[in-house]
Structures are given as C-alpha cells and as structure tokens.
Amino acid sequence: MPLTSTNGRAHSHRKPLEPGPPLAGSREILAREAFIKMLYLERKRAERSGRNFILMLLECDRLLNVENGPEAFTEVLGALARSTRDTDITGWYKDGSVVGVIFTELGVDIEGKAIINALLSKVTNALSKTLTIKDIHHISISFHVYPEDWTADGPSGGIDASLYNDLLHGVRPQRASLVVKRLMDVVGSALALLLASPLMAAIAILIKLTSKGPVLFRQARLGQYGQKFTFLKFRSMYSNNDPTVHREYVEKFIAGDGCVQIASQISYKLTADPRVTPIGRFLRKTSLDEVPQFVNVLKGEMSLVGPRPPIPYETARYNTWHRARLLAAKPGITGLWQVEGRSRVKFNDMVRLDLRYAQVWSIWLDIKILLRTPVAVFSGNGAQ
C-alpha cells in the first residue's frame, strides 16, 4: 500500500481547513502554533534525556480536494486516535494540509527502521478499517527520527529539515530581505575578487615559491542543511600533512578543553601547528588565506556573513543541540563569532552566537558585522 511521500499536488481553490474543535469521532488535534512549540520542546527533552522520538507527517491535501474529502479526513483523525497513545502528540504541522504526530519516549538507541515499520503497519491497518483504498492512496506518510544518525562524514543526505520546522518557519526573514542579502553577496564578492586580483596573484606566487603543492586548498565542508560543498582557501600548510593533529584539537575544543594561555589571554585555537608554512602563518594572521572563499560566496555556497562551515568530522563530535547551527543560516566568511571573540570564545558560546545571529538577523546586522570585521582582522585577535 503506497503511503510514501510524494511531490504531487492537486490544484484547487478550496479554503484550507482551520484548526478548531475536534471533528466527530476523533481526538482533538493541536493548532499549528501549539504543535510546532511541542515539537521544539520535544527536541529539547530528547537532547537532555537521550530518548529518541519519531515525527510522522500525513499529507492530506490531495484527500481534502476530492469528493467527500472532509468526511474522509474525519475518519483519518479517528484512525489516528485509535492507533496512537495518549502520550503521543497530534496536531497541524501545516494548517489545513499536513497533520503531524510526535511519538514520544521511544527509548535510547532505538532501531529506527524497526519502529517505523511497526508504526506504519499500525497506522495503515487503522486507516484500512475506515477508508477506501482510493482514499488511502490520496494520503502520503513520512517518518522522521530525532536525533538523526550522523557519521564522520556528517548527516547522510543532509539534515532532515522536517524536524526543525520552528527554526525554518518560525521567525522567517521576508523574501525581499533574503533577495537583498543575496544581492549583497554577489556584488560584494565580485568586487572583492576584482579588487583583490593583484594581491591574489602575488600570494599565489609566494605560495609556489616557498613550498611544494597547489596554490589553493580544497576541503569538503558542510553548508546550510548539512549539504557538502568544496571550501576554498589559499594553502597555508605543507602538502600531504597529517590531519590527526587537527582532529584531536577539534575533539578537545568541542568538549570544552581546547584552550591555551597566550600572554594574559585564553585562546581556543590550534597554536604552533607544525603543518603550517612560514608564509601560511602570515596568511592566517591577516586572514588573507580566506580570500578565495569569495568564489564560494559568488557560487551561492556561502554568504558574506554567517556561521563558519564545519568539516564533516567535526560534526561527528557535536552534541545534538549543536546541529541547529547548520540550519540557522548559510555559512559565511565572517560572522558574530569573528567580531565578538573569535578564538577567545568556547565552542558552545560560538554555537550560541550562530543561533543568535539567525534569530535576530537583518540586513543592518550584516552591514554592522562587515564593518567590524576589518578591525577584528587587523587587531589579530583570534586570527587562525
């Protein structure tokens, strides 16, 4: 019985069903705002307890567009009431089209596929007792396990955005503001590449003259929603170096034990790295190694302002709540972390700065960060 998700949509001018009192024979379902809040709270509980939950989404818009659709939808809600526990949470994930069910308290290290198959069978049987086969084919069901299974290569296929509806659709910037941000990225990166081209040529020559290897360093990084892209920098290390040093540093940094004392300051960065070339130290100190990232910005993989994109093996060490920084905003060359502390900031505080940036984002905030970035760079505070 095909109950998998589909991109098909029926076109209609029907008025969406409004959240309201329970329909006949069904359990009351939460209004969208209340349900999304419960999804957020359940994520927080899972982060603290380590107990997984599953979000089931039923796309019913096609069903509601057919004859007798509203009556059939009433039966759907009744079937859900019979196949879910009192502790499970049912509500509108999208008003008038998608119903969500949060199956809570499923335990630690659950076998996701086994539980999903059991839930699908249970819900399907309940629907089959009240709906026709034709009506059932108008429903699409998908399951989403929280937290997702991440490996050393990051999230497989990207982050499951359905689990973070509140982050993506809660306080969302207006489309016009996003267009302006992208315009700033395109114009700013193009101008930067044009004006910096003589300097970039000089840096390329110095790199080739002082060490063997390519001019550019290419590395897989994770962008927004966990999508991989090729991150560009001027090479500041000797070729064929051992990444173990950085991996060990990352583990300590994320765990909160990656600091060194420099004069009267505490620095959370890898210092005295033997892999860095002499010219590389200068490039890192002045952040000139970052200039090729304007190409990433021009291609739309990054923005001028945003969180720094992590290496996949970094995210394997993330706590569950850290992962939200990959949803918060498109990664950037500079951001709140760079202008408010850089390597003097612990990892948890860096993540909080990334999330705060997304929550209060505006074009004016981006402009202020861009204006403050040269001061942070030339002061050398925390340059990497």
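The values are calculated or read from the model by the stated rules, or taken from the named source; none is laboratory data. All figures in this text were calculated on a predicted structure; none of them were measured in a lab. Here Cβ is always computed from backbone atoms with ideal geometry, including for glycine, and neighbour counts include all displayed protein chains.
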In the range 30-51, which residue that is at pLDDT below 85 and part of a loop (DSSP other than H, G, I, E, B) is farthest from GLY100 (Cα to Cα)? GLY50
Of all residues in the range 318-371 being more than 20 Å from the chain's Cα centre (by Cα) and under 25 Å from ALA176 (Cβ atoms), which is surrounded by the most Cβ atoms within 10 Å (Cβ to Cβ)? ILE369
Is it fair to say GLU314 is at pLDDT 85 or above, of a type in the set (Asp, Glu) and farther than 21 Å from ASP185 by Cβ? yes
Within the range 253-272, residues under 15 Å from ILE311 (Cβ atoms) and at pLDDT 65 or above come out as PHE253, ILE254
Pairs with Cβ under 9 Å, 6+ apart, first in the range 276-288 and assigned by TED's automatic domain parsing to the domain that holds ALA196 and of a type in the set (Phe, Trp, Tyr), second surrounded by 19 or more Cβ atoms within 10 Å (Cβ to Cβ) and assigned to a helix (DSSP H, G or I): PHE282/LEU288
Tell me the residue from LEU370, LEU327 that is at pLDDT below 85 and in a helix (DSSP H, G or I), please. LEU327
Subset of the range 166-204 [at pLDDT below 95 and either assigned to a loop (DSSP other than H, G, I, E, B) or in contact with a Leu (Cβ under 6 Å, 6 or more places away or on another chain) (or both)]: LEU167, GLY170, VAL171, ARG172, PRO173, GLN174
